[in-house]
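Working notes, beginning with the structure itself.
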Amino acid sequence: MAAIELQDVRKVYAGNVEAVKGVSLSIPDGAFAVLVGPSGCGKSTLLRMVAGLEAITSGTVSIGGRVVNDLEPAERDIAMVFQNYALYPHMTVRRNLEYGLRNRRTPAEEIARRVDEAARILDIAGLLDRRPGQLSGGQRQRVAMGRAIVREPAAFLFDEPLSNLDAKLRVAMRAEIRRLQRRLRTTSLYVTHDQLEAMTLADVLVVLNAGRIEQSGTPMELYERPASLFVATFIGSPAMNVIPHGAAVAAGLVPQGAPEATLGIRPEHMRLVEGLAASGDEAVVDLEVSGVEVVGAESYVTGRLGSSAVEISVRVPGHSRLEPGTPMRAAGGRAAFLRFDPQSGARISAVSGA
Ligand SMILES: Nc1ncnc2c1ncn2[C@@H]1O[C@H](COP(=O)(O)OP(=O)(O)O)[C@@H](O)[C@H]1O
Ligand SMILES: [Mg+2]
């Protein structure tokens, strides 16, 4: 067990590519931290620096209170799980699980104990004599997890471990990883570009953008009180509606001459209203239906705001049968609109209840 501390960590690759631009982050002992951000924002680079697979340009990484900058990966007491599983194809599952421990000259009884324990936890005891080629994607992923578990490391590092699985299996494995981590209480740092995976797994959610931390906190903190437009639109699906100042004025959402701000409101904070049925503390916009997505129990109706290119999505219960081109009126509680600085993207309004 160990906390992971990053202090002003930077990475400049050859050719002057600054992939990580000064990241400070503290992951408490036993916590599940998820690093999320778009492709190329530096997630893998950061994880690989913690693992020791990539040299740290400046700053410090400590694991369990020990600065590990100059330690080899094998000396850092971490176990890494990759997207491509990295199993040895010619070895049985049992051999794959044993491999790292044998290399460390762990006594044979201890190896057997740990392999049996991991196989039991992961429900792969029946697969120990098979080779990776004889396993399904989900089973391979479990074996990769098993190989991390038998090491009994101070921390687990995951780099998009579920990306190669189909959608259904991904959801199942996600829940399994979360259960496993809760049970073992091993500090974990997990990288993904999938915001839903990030939301559902994290104790500590860290949004990375172009090599910098945009915001970190609990998933609901980031969802309800995003520090920036980037976080507001990255977290949540479908994404938060964004209304530029000009369009908001034209639509009568804010008075002419009001200070410039980009507005944001989530689809679930809006509803369709007939005529003037909106209440006094709601703002109303007139839209023209541009698309309907029926998800099952609910639908998302998207409408164009006036003559602008701005589209606003509204969550409605059940199966919406609105046709494109139909006029519709949507209302949202005034307190649900967030305001962002149009230049920096920083949130400038308080969030009610925050
Ligand atoms: N070995 C490398 N040499 C040079 N640039 C790299 C190398 N690895 C990654 N990069 C660059 O660093 C940035 C971050 O990459 P990466 O950490 O892989 O992002 P992510 O995992 O978030 O998709 C990207 O611009 C990428 O092109
Ligand atoms: Mg990556």
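For the reader, a short list of remarks on this structure follows.
- Those lysines that a straight Cα-Cα span of less than 28 Å connects to K11, excepting residues fewer than 8 apart in one chain: K21, K43
- Surface analysis of the stretch 241-340 yields an accessible area of 50 Å² per residue, using protein heavy atoms and a 1.4 Å probe.
- Computed over the chain, the per-residue total of -39500 (n - 2.57) for DSSP H runs of n ≥ 4 gives a 222 nm mean residue ellipticity of -7500 deg cm²/dmol, rounded to 500.
- The gain in end-to-end length when the E152 to R334 segment is fully stretched comes to 60.4 nm, 0.36 nm per residue minus the alpha carbon separation.
- Computed label-point distance, nm, for sites N164 and S237 using a 7 Å Cα→Cβ extension: 2.1 nm
- Cβ-based net charge around V143, under 15 Å, with every Lys or Arg adding one and every Asp or Glu removing one: +4
- Spherically averaged projected area of the chain from its Cα convex hull (nm²): 21.5 nm²
- Highest GNM mean-square fluctuation among H269, H193, H319, for the chain modelled with Cα contacts below 10 Å: H319.
- Dimensionless Rg over Rh [the stretch 279-354; C-alpha; Kirkwood]: 1.03
- Relative counts (whole %) of C-alpha pair distances in the stretch 1-101, using bins that are 10 Å wide: 14, 42, 31, 13, 1
- Rg(Cα) / (2.2 N^0.38 Å) computed for the stretch 63-131, rounded to two decimals: 1.28
- Highest-first arrangement of 74-85, 250-261, 136-147, where packing means the average Cβ count within 10 Å: 136-147, 74-85, 250-261
- With every protein chain in place, the chain: carbon and sulfur % of accessible area (1.4 Å): 49 percent
- Dimensions of the stretch 210-349 based on its C-alpha atoms, expressed as ranges along the principal axes with the largest first, amount to 43, 39, 27 Å.
- Extension gain for R183 to S307 (0.36 nm times residue separation, less C-alpha to C-alpha distance): 39.2 nm.
- Net charge of neighbours whose Cβ lies under 12 Å from the Cβ of S237, counting Lys and Arg as +1 and Asp and Glu as -1: -2
- All C-alpha to C-alpha distances of the stretch 117-196, sorted into 10 Å bins beginning at zero, yield P(r) values of 16, 54, 29, 2 percent in whole numbers.
The values are calculated or read from the model by the stated rules, or taken from the named source; none is laboratory data. All values reported here derive from a predicted model rather than from experimental measurement. Every residue, glycine among them, receives a Cβ derived from its backbone with ideal geometry; neighbour counts consider all protein chains shown. These accessible areas exclude ligands, DNA and RNA; they are computed on the full protein's heavy atoms, side chains included. Shrake-Rupley method; radii C 1.70, N 1.55, O 1.52, S 1.80 Å.
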